[in-house]
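I have placed the structure first, in the form of structure tokens, so that the comments after it can refer back to it.
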Amino acid sequence: MIRIPDFSELPENIKQMFMPVVLINKECHQKNNDKILEKKKKRSWSRNFLNSKAWKLLRKEIMCEHKNICVYCGSTEQLNVDHILPKSKFKELALLKSNLQILCWTCNKKKSTKW
């Protein structure tokens with residue numbers, strides 16, 4: 001954490017020289033804190049979603065319907081249920097069956113680089 005120095009004991013003319021720098025540092029520090037909090041909220045939502053009963057049931061149903069086969073390459077190993085439109089950007093589609101597909105680990109990694 002950035003510690004902002006206390007300039008209260010300095011003469012007024014020196015304070016005025018440093019105040020713009022201190023204000024900019026405070027502003028940058030607050031922006032960084034806001035970004036960190038936003039990332040934590042996203043991770044928390046995702047973790048809760050993946051552990052939810054609704055997701056676990058839907059995931060199992062999708063795997064059974066598609067016979068545990070990757071829709072891109074036909075592999076049957078290291079399978080994931082993938083969100084076609086990412087749940088991080090389209091939370092309202094997270095439990096929509098038509099937004100889900102089965103991908104093997106390799107195909108899923110290739111796809112994830114497009115977003």
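Quick notes on this structure:
- Residues that are β-branched (Val, Ile, Thr) and part of a loop (DSSP other than H, G, I, E, B), drawn from region 48-105: 69, 71, 76, 84
- Here residue 90 fulfils each of the conditions (1) more than 17 Å from the chain's Cα centre (by Cα); (2) among the aromatic types (Phe, Trp, Tyr); (3) under 20 Å from residue 47 (Cα atoms) apart from (1).
- Checking each residue in region 62-87 for being acidic (Asp, Glu) and under 22 Å from residue 45 (Cβ atoms) picks out only 82.
Computed from the coordinates by the stated procedures, all read-outs in this text should not be read as laboratory data. Just so it is clear, the structure is predicted and the values come from calculations on it, not from any experiment. So basically every Cβ, Gly included, is an ideal-geometry build from the backbone, and we count neighbours across all protein chains shown.
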